[in-house]
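Laboratory data are not the source of any read-out in this text; all were calculated from the coordinates shown. From a predicted model like this one, the values you see are computed outputs, not experimental measurements. Using ideal geometry, Cβ is built from the backbone for each residue, glycine included, and neighbour counts are taken over all protein chains shown.
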């Protein structure tokens, strides 16, 4: 467990880092195969059934995700779907029924549909049989007789809200979206709808629509801030929303709908990510992004007093579902050394019960690396946060290779949590530094916008200075440091290899953007509400910005890449098209640089099938061993 903070003066400035207990000595952990790690179970919770004796969950025990019912009494899971090809994700039980709703797309194409199935037969009803559309569950009416669906079936650019009665499943247009507005919340009476409109990635507007008067009231102001509605109280008098107006971090606001009066309801030194109300408003939960970790607080809603629920050792609560009776909590709890597990907590009996054991029984959790939150000074002295995984076997006398790990985005964040792929690499002797470069979320709005219209420059330098931080550690082999990233992170990998060809010894690119001009012009139509904001942050490819976007596109600098590269791509990716990876691979090959390329015909933007995840990790480790570990051996033998 990480215990104390230290300050270290280095060649690159003042660096804050977390250190382990002195009792945690260097040792050689047991080595695990990637198959053992992927025998870990990935599980997600959807909700309680009517009598709260069972919960609807998703897990990937068969290799892809299917829907299961977990019995609280004996914790046994009963499969409700048995899809052999496409992943099915649990949504909700149908109120007052043994039927359930799940969601699925085709091969990762993001055109998700909602399906209804009974536990007792194999009949499946497609509730949203609308071709070439994306459809998402948007909640239940107060009487639970209607389901709301967000869909772009009418206009591919905009998501309308449809209301479907659960007797006939006839869709009726509830809200027609012609102004690139996004649904945030619907009041219980259906009189009010909270809507947001993205202006830039640093600013949006929040509106309150009164369906009775057909009026639209702007709640936000002209300041550069984000506004996100979270919940309505039942009597239509109060709306809750989060905002960072006048602050670096998001806080929770209580808004009186009748008077327009606002009250700051909760704030923290980190972002308040959201707030949920229980069915009858006995409780509310608040979610905090606490320095890359998740923190959840439970309150008695009427008194606004904290309600304790038991602390789970080495775990942080990632989500809470409060049962309709408000007597039980369904907790999703994770850590950096274990996949997320489910727990049920009886609020009246104060009894906590673990429901799942997701870590493969052949794996000793003590052989896995605990994440550390570290900070280092970048090229301009700016402090950059990162999540760090140090191999247990690493020492001054047993140097290891390392990877700078770059998250997706722009605007994403690496957070403390479990990753099969990271633990596999660390278990095999590679330190991993997951850099939250400037432009990452979670560290204040000034930090978040520091990379605007500067992508591939200062944000990339943060990654390079992360590499320099790694090189300062006396247990890192400086001849064996690579860079790894997906999507925007993949673009950073390609830019790092072309802009700083002598810094990294190898690159791992997962569906990375290679040509910003094409990617920004081929944005999926249902991103219309966000498209202009992306153009504002990154640049408009149809204007003079195209010159800078071309300069930031690795495809136009591939001839400068001199280090080995491996690329992974999903054929059905609608965000970063396969042609992006095709062209960068062809270009690097022409230069005679070692490059490997793996395309999955059944994946989209991100890989969800275990078989493909295993292949990705295996090929990555073999690639790194070939070009980094062998490099270490050459240096040791004096061949270089």
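Summary table
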item	result
Alpha-carbon Debye profile of the range 484-640, log10 I(q)/I(0) at 0.12, 0.14, 0.15 Å⁻¹	-0.54, -0.71, -0.80
Relative contact order (%) - criterion: Cα under 8 Å, at least six apart; region: the range 364-448	33
Length added when fully stretched, residue 532-residue 267, from 0.36 nm per residue minus Cα-Cα	92.4 nm
Whether the range 82-203 is rounded, prolate or oblate, judged on the alpha carbon gyration tensor where a/c under 1.5 counts as rounded	oblate
Paramagnetic reach from residue 542 in the range 143-167 [backbone N under 15 Å; point 7 Å along Cα→Cβ]	157
Counting DSSP beta bridges with both ends in the range 316-453, the antiparallel % (nearest 5)	80
Kirkwood Rh in Å, taken over all unlike Cα pairs in the range 286-374	14.4
Average Cα contact separation per residue, the chain, under 8 Å, 6 or more apart, as relative contact order %	11
Ranked packing of 425-435, 66-76, most packed first, by mean Cβ within 10 Å	425-435, 66-76
Approximate spin-label separation residue 258-residue 280, in nm, with each point projected 7 Å along Cα-to-Cβ	2.4
Label-to-label distance, nm, for residues given as residue 123 and residue 472 (7 Å Cα→Cβ offset)	6.7
Inter-probe distance in nm under a simple model that places probes 7 Å from Cα toward Cβ, at residue 142 and residue 360	5.2
Debye log10 I(q)/I(0) at q = 0.18 Å⁻¹ for the range 328-482, Cα point scatterers	-1.04
Per-pair calculated FRET efficiency, R0 = 35 Å: residue 224 and residue 578 via Cβ, rounded to 0.05	0.45
Gain upon complete extension [residue 178, residue 379; 0.36 nm per residue less C-alpha separation]	67.8 nm
Residues 269, 30, sorted so that the one with the fewest Cβ neighbours within 10 Å comes first	269, 30
Crossing angle, helix 528-538 versus the chain [Cα axis fit, 0-90 degrees, rounded to tens]	30
Förster radius 45 Å - calculated FRET efficiency between residue 33 and residue 235 (Cβ-Cβ, nearest 0.05)	0.20
Estimated FRET transfer efficiency when R0 is 51 angstrom, pair residue 25-residue 523 (beta carbons, to 0.05)	0.50
For the range 51-95, the spread of Cα positions along each principal axis, largest first, Å	32, 23, 10
Length added when fully stretched, residue 314-residue 62, from 0.36 nm per residue minus Cα-Cα	87.9 nm
Percent RCO, i.e. relative contact order, over the range 517-609, from Cα pairs under 8 Å lying at least 6 residues apart	28
